[in-house]
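Okay, structure first, notes after.
The numbers here are math on the coordinates, done by the rules we state, and not lab data. All values reported here derive from a predicted model rather than from experimental measurement. Glycine gets a Cβ as well: all are built from the backbone with ideal geometry, and neighbour counts include every protein chain shown.
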Amino acid sequence: MAKLLLVEDNDDEAQMTLVWLQDENYAVTWAGSGERALDYLAAETYDVILLDWDLPRKSGVELLRELREKGDNTPVIMLTAHDTAKDKEKGLDCGADDYLAKPFDLVELCARIRVQLRRSAGSKSNVLTLGGITLDSAQYRVKRDGKEVKLLPKEFALLEFFMRNPDKVFSAEAIMHRVWQSEEDGSTNAVRSCLKRLRQRLELGADDDFIETVAGVGYRCNTGN
């Protein structure tokens with residue numbers, strides 16, 4: 001489970017974001033100030049920091065500069081009402097990895113988080129191997145038992161999601177929010193249709209539980225352990 005640090009001084013915004021992210025199976029720590037964020041960062045390692053610009057006493061930009069000067073390379077997504085091109089340039093120049101203007105869509109925020117998590121995971125390994133299936137995210141290639149499998153972008157993203165989260169059960173709704181980046185083309189029916197096509201392209205037979213349907217719960221990618 002990815003660990004996130006949310007640095008936001010507005011209680012209402014923080015609670016809304018916190019509840020949403022927890023529902024998406026993230027472990028979230030909330031800091032209401034830059035000073036509290038530094039305390040948490042001194043004691044814990046996080047996968048992504050969600051950082052508000054307008055914090056009391058120590059601004060988000062000041063906190064970000066301090067982190068980068070200390071050599072902390074944790075991915076940072078700036079969350080701010082400062083939405084001009086100049087503001088964005090300043091935030092990115094200070095070391096932010098991404099920048100999302102308020103008010104933002106929580107589905108889009110989750111998509112941005114996934115991008116940062118994929119980049120971090122990719123720095124460790126772009127090649128995933130599971131159950132005779134190999135996925136190379138850098139070269140955008142999938143092979144099963146050495147034979148290349150052609151996948152559409154959404155099918156590839158779905159397979160990568162499953163292979164990066166083996167042996168965990170996800171509902172269709174959770175998969176939709178984690179893989180589909182917009183509500184326009186995302187629905188539980190879209191998830192099920194894409195999953196059906198993916199199984200067909202991978203030639204997974206009825207007895208193959210590589211991607212298993214867990215009745216009444218959701219879907220799971222099995223390692224076979």
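Points to keep in mind about this one:
- Using only side-chain charges placed at the Cβ, +1 for Lys and Arg and -1 for Asp and Glu, the dipole size of the chain relative to its Cα centre rounds to 1060 debye.
- Under the criterion of Cα pairs below 8 Å and six or more residues apart, the relative contact order for segment 1-96 equals 28 percent.
- Kirkwood hydrodynamic radius of the chain, from inverse mean 1/r over distinct Cα pairs, in Å: 18.9 Å
- Fraction of beta bridges assigned by DSSP in the chain that are antiparallel (%, nearest 5): 50 percent
- Cleavage-rule hits, GluC sites (Glu not before Pro), segment 1-87, DSSP coil, Cβ neighbours within 10 Å at most 13: Glu44
- Applying both filters, DSSP loop and at most 10 other Cβ atoms within 10 Å, to the trypsin sites (Lys or Arg not before Pro) of segment 72-181 gives Lys150.
- 3J(HN,Hα) along segment 33-48: 7, x, 5, 5, 4, 4, 4, 5, 5, 6, 9, 9, 9, 10, 7, 8 Hz, from the Karplus curve 6.51 cos²θ - 1.76 cosθ + 1.60 with θ = phi - 60°, whole Hz, x for Gly and Pro.
- Each eigenvalue of the Cα gyration tensor of segment 1-95, multiplied by 5 and square-rooted, gives one semi-axis; in descending order these are 20, 16, 13 Å.
- Backbone geometry of segment 64-77 corresponds, through the Karplus equation with coefficients 6.51, -1.76 and 1.60 at θ = phi - 60°, to 3J(HN,Hα) couplings of 5, 4, 4, 4, 5, 5, 7, x, 7, 9, 4, x, 10, 10 Hz, x marking Gly and Pro.
- Given Lys58/Lys168; Lys88/Lys150; Lys70/Lys143; Lys3/Lys150; Lys3/Lys70, the pairs whose alpha carbons are separated by over 31 Å: Lys58/Lys168; Lys88/Lys150; Lys70/Lys143; Lys3/Lys150
- Calculated from backbone phi, Karplus (6.51, -1.76, 1.60) coupling profile of segment 99-115 in Hz, x at Gly/Pro: 8, 10, 7, 7, x, 10, 7, 5, 5, 5, 4, 4, 5, 5, 4, 4, 4
- In this simple spin-label approximation, Ser59 and Glu148 carry label points 7 Å from Cα along the Cα→Cβ vector, and these lie 5.0 nm apart.
- Secondary-structure-derived ellipticity at 222 nm for the chain, considering helices only, amounts to -13000 deg cm²/dmol, per-run term -39500 (n - 2.57) for DSSP H runs with n ≥ 4.
- Contour excess over end-to-end distance, with Cα ends at Leu92 and Val107 and 0.36 nm allotted per residue: 3.2 nm
- Full extension of the chain segment joining Ala81 with Ala215 gains 43.9 nm, where the gain is 0.36 nm per residue of separation less the Cα-Cα distance.
- Close amide-amide hydrogen proximity is noted between Ala96 and no other residue 5 or more places distant or on a separate chain, at a cut-off under 5 Å (H modeled in the peptide plane; Pro and chain starts excluded).
- Placed amide H near Glu212: partners under 5 Å, 5+ positions off or other chain: Arg220, Cys221, Asn222
- Placed amide H near Trp180: partners under 5 Å, 5+ positions off or other chain: none
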